[in-house]
Structures are given as structure tokens and as C-alpha cells.
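Peer 1: Handing you this structure, nothing more for now.
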Amino acid sequence: MGCSGCRVRFNFAKVLSKVSVFFAMVLIFTYFFYCLTGFCDSAPRSLYTQQALDYDILDDNRRVLDDLRPPARLLPGAPSLWNRTAAPADAEQVEQAHGQHPSVSAEEAAQSSSSSSIPVSNTFGIKRFPQAIIIGVKKGGTRALLEFLRIHPDVRAVGAEPHFFDRFYDRGLEWYRSLMPRTLDGQITMEKTPSYFITKEAPGRVCSMNCHTKLIVVVRDPVTRAVSDYTQTLSKNPGLPSFQSLALKNSSTGLIDTTWSAVRIGLYAKHLENWLQHFPLSHFLFVSGERLVSDPAGEMGRVQDFLGLKRVVSDKHFYFNQTKGFPCLKKPEGSSRPRCLGKSKGRPHPEIPSEVLQRLRDFYKPFNHRFYQMSGQDFGWD
Ligand SMILES: Nc1ncnc2c1ncn2[C@@H]1O[C@H](COP(=O)(O)OS(=O)(=O)O)[C@@H](OP(=O)(O)O)[C@H]1O
């Protein structure tokens with residue numbers, strides 16, 4: 001009796017384990033099927049988390065390439081979130097990307113495979129011309145501004161620099177629009193290309209797209225900006241002559257060489273004059289590159305107001321990273337990804353003789369004052 005009871009219990013246990021294995025298999029197969037159709041990836045992620053994936057430290061080049069890759073690659077006729085997931089890039093990298101567009105290397109394809117699995121929700125919205133553009137200045141802090149803005153749920157920005165209004169204007173407005181991320185009603189489309197500010201033809205061209213475009217200029221002390229610009233060129237060309245030999249026409253006279261682009265870009269008043277021929281001052285917002293570092297939340301408040309956005313990006317998004325020496329974005333919950341801009345942003349500058357810096361300061365002084373008058377803001381560089 002005892003033994004037959006054991007057998008019944010034993011058989012019952014066997015059946016139970018088979019049933020649970022069966023149900024486990026059904027669950028696993030259902031999950032795989034679900035994933036194969038792409039729905040796993042469309043599971044809602046918090047916007048801030050998604051932005052975190054966009055942000056920095058990944059290889060800039062590959063992300064720029066992702067950004068400029070034609071959407072047809074995802075599914076025939078299906079748009080992509082590449083614009084959303086694209087990330088920091090220097091102008092030079094974008095140029096390289098343009099060179100390769102629309103073809104892609106195996107490495108880029110591998111890189112893009114993760115982005116290309118982002119399904120369904122990518123198809124919402126339409127590609128619009130940007131309503132706001134960060135037009136300058138090179139080395140002003142334009143990347144930081146764009147990445148900080150991309151936290152905002154109502155901002156969608158193309159990550160790479162399109163260079164449409166300076167280098168690629170002949171590709172036409174539809175080409176430009178095709179680079180833009182999709183937006184829903186109420187969202188703002190943005191791009192940044194810092195060289196627009198110094199491009200003679202850019203204001204007329206932007207106006208012929210839309211004369212109501214909002215224009216953001218991140219400005220930084222032109223002397224530090226010139227050194228930053230020089231540092232970037234030096235990093236790509238270590239044989240570059242010294243800063244002083246490029247900045248001065250002649251070391252004995254101390255005359256500044258205004259034909260050197262690193263110097264010329266800092267003549268903000270001159271460049272702004274050109275833009276004011278086409279746009280009223282009210283269309284511009286001048287962001288202090290210095291304050292974007294010392295008080296990112298404060299500066300972001302001004303930018304959001306200018307764009308007519310709710311103040312979503314605030315001091316709770318930033319922390320000062322002691323190692324980098326710059327503000328970085330706080331990690332969203334559950335993420336271990338670094339949240340600072342890449343190595344090419346915020347790098348140490350070479351030491352420049354103080355008399356050369358002073359000479360440059362003296363040179364810029366009248367231009368800076370003119371710029372303060374024109375913009376109605378004193379940036380305190382002198
Ligand atoms: N949060 C944060 N992290 C890192 N770097 C920051 C940040 N905010 C502003 N900056 C400053 O941005 C400078 C680079 O400016 P841009 O992004 O406009 O450069 S570029 O024109 O796109 O190449 C870069 O210049 P360098 O310091 O010379 O590298 C930084 O000083």
C-alpha cells in the first residue's frame with residue numbers, strides 16, 4: 001500500500017515536471033518569436049535612457065556614419081532612428097562621412113546593426129527642416145549644447161554636422177531634409193554646424209529655406225577659442241608650426257595675422273554683421289561658452305526659453321566630473337555608460353607664451369566690444 005502510494009506520487013511528479021518543461025519551452029519560443037518580429041526592441045525605454053545611448057564616448061566616426069546613412073537600410077521604405085542615435089562628431093569626421101555616404105563599410109554595418117533593430121516607433125513623425133540651428137562658433141561648446149538639448153523630449157536633432165549651408169548646398173533642400181530626424185507635432189528639429197557663422201553665403205541660404213529660423217551662437221573668449229582651434233589642428237597634424245608663428249605676421253612687429261582662420265573666426269562682430277543683413281537680432285540667441293561649463297543648467301534655461309520649450313533640462317541632469325574637468329550628464333538609472341563628451345572635447349591646450357596671448361587679447365578688444373554692443377550682452381572676456 002505504502003509502495004503503490006509512492007509510485008503514484010512518483011508518476012505525478014514526473015508528469016508535473018514534464019508539464020513545467022513544456023510550458024517553459026512555450027514561453028521561450030513565444031519570446032523568441034516576439035523578438036524576431038522586432039517587438040523586444042520597441043519595448044518602451046525612458047527617453048533619458050535613450051538619450052544616454054546617444055551620448056558620447058562611442059567612436060564618433062562610426063556614429064556619424066550611422067547618422068548619415070540612408071534610412072532605406074533599415075527596411076525598405078522604413079525610416080530609422082539613426083538621427084536620434086547619432087552622436088558627437090567633429091566637422092572633419094562628418095566630411096569623411098559625407099564622402100562615404102551612402103555606401104557603408106562592413107564595420108559600419110556591424111555598428112549599425114544594433115541601431116537598425118530599433119523598430120516600429122521609428123516610423124512616427126515626419127522629417128522637417130530645422131526650426132532652430134546652432135550656427136556657431138567652432139570650438140565654442142556647440143557639441144555640449146546640442147547634446148544637452150537632446151535630453152529634452154521635444155527636441156530631435158541630427159547628431160552629425162550636415163554642413164549643408166556651406167559645403168553641400170548644391171545637393172538641394174530635399175537632401176538636407178532627408179538628413180533630419182522624424183518629429184512629431186510640437187517637437188523641434190535641430191542641427192548644428194559651427195562653420196555656418198563664418199560662411200558669407202549661409203545667412204541668405206538659411207533665410208531662403210525659412211527666414212523664421214531661430215539661430216543659436218555659442219561664443220567663447222576668442223583667444224581661448226583660437227588656442228582650442230589650434231589644439232584640434234595640432235592633434236591631427238603634430239608637425240604644425242607653433243601657435244605664435246601662425247598667429248603673428250611677424251614676431252618683431254607683433255602684428256596679428258587675420259588670414260589665419262583660427263584668428264579670423266574670433267571676429268564675432270564681423271560675422272554677426274553679415275547675418276544681421278538677413279535676420280533681425282531677435283532671431284539670435286548668444287550662449288556663453290564659458291557659462292555652459294560653469295553653469296550648464298542656467299545656460300540651458302535660457303536656451304529652452306528661447307526655443308519656447310518647457311524647462312525640462314535642469315541642474316538635476318548635470319554633475320561636474322572632476323577627472324574631465326567639465327560638466328557631464330548624470331547616468332540614468334540602470335546605466336553604467338559614461339556620460340561625458342568625448343576625448344576631443346575639453347582637451348588640454350598647449351602652453352602659449354603669455355605675451356602672444358596678451359597681444360591677441362589687445363587685438364580682439366575692440367571687436368569684442370563691438371560684439372557686446374551688437375548682441376546686447378557683455379561676455380566679460382576683457
Ligand atoms: N561639458 C563639456 N564637456 C566637454 N567640453 C565642453 C563642455 N562644455 C563646453 N565644452 C567645450 O567645448 C569645446 C569644443 O567646442 P565645440 O563642440 O563647439 O567644438 S567643434 O567646433 O564642434 O569642434 C571644448 O573645447 P576644448 O576645451 O578646447 O577641447 C570645451 O572647452
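The values are calculated or read from the model by the stated rules, or taken from the named source; none is laboratory data. What you see is a predicted model, and the numbers here were worked out from it, not measured in a lab. FYI the Cβ positions are ideal-geometry reconstructions off the backbone, even for glycines, and counts take in every protein chain you see. Keep in mind that these areas ignore ligands, DNA and RNA; they rest on the heavy atoms of the full protein, side chains included. Shrake-Rupley method; radii C 1.70, N 1.55, O 1.52, S 1.80 Å.
Peer 1: Suppose R0 equals 35 Å. What FRET efficiency, 1/(1 + (r/R0)^6) with r the Cβ-Cβ distance, do E355 and L240 give to the nearest 0.05? Numbers along the way, then the final one.
Peer 2: Working: r = 20 Å, r/R0 = 0.58.
Rounded to the nearest 0.05, the efficiency is 0.95.
Peer 1: I would also like to ask the following. I'd like the carbon and sulfur percentage of the solvent accessible area for segment 290-382, probe radius 1.4 Å, heavy atoms only, ligands and nucleic acids excluded.
Peer 2: 52
Peer 1: Could you tell me the accessible area of L255 in Å² (1.4 Å probe, neighbours in place), rounded to the nearest ten?
Peer 2: 90
Peer 1: For the full complex of protein chains and a 1.4 angstrom probe, list E351, E290 by accessible area with the highest value first. Before the final figure, lay out each step's value.
Peer 2: Working: E351 175, E290 65 Å².
Ranking E351, E290 by accessible area, largest first, yields E351, E290.
Peer 1: Set the Förster distance to 45 Å, then compute FRET efficiency between S178 and E273 from the Cβ-Cβ distance, nearest 0.05. Let's see the in-between values first.
Peer 2: Working: r = 33 Å, r/R0 = 0.73.
According to the calculation, E is roughly 0.85.
Peer 1: Moving to a separate point now. Can you give the convex hull volume per residue for the Cα atoms of segment 323-364, as a whole number of Å³?
Peer 2: Convex hull of Cα atoms, per residue: 99 Å³.
Peer 1: Quick one, can you get me the convex hull of the C-alpha atoms of segment 263-342 expressed as volume per residue in Å³?
Peer 2: Cα-based convex hull of segment 263-342, divided per residue, equals 135 Å³.
Peer 1: Please find the FRET efficiency linking I126 to F320, where r is the Cβ-Cβ separation and R0 is fixed at 45 Å, and quote it to the nearest 0.05.
Peer 2: On the way: r = 39 Å, r/R0 = 0.86.
Between I126 and F320 the formula returns 0.70.
Peer 1: In square angstrom, what is the accessible area per residue of segment 218-258 with a 1.4 angstrom probe?
Peer 2: 43
Peer 1: Would you mind estimating how fast segment 126-375 diffuses translationally, via Stokes-Einstein at 25 °C and 0.890 mPa s with the Kirkwood radius over Cα pairs, in µm²/s?
Peer 2: 128
Peer 1: Provide K14, K324, K200 ordered by accessible surface of protein heavy atoms (probe 1.4 Å), highest first.
Peer 2: Highest to lowest solvent-accessible surface, that is K200, K14, K324.
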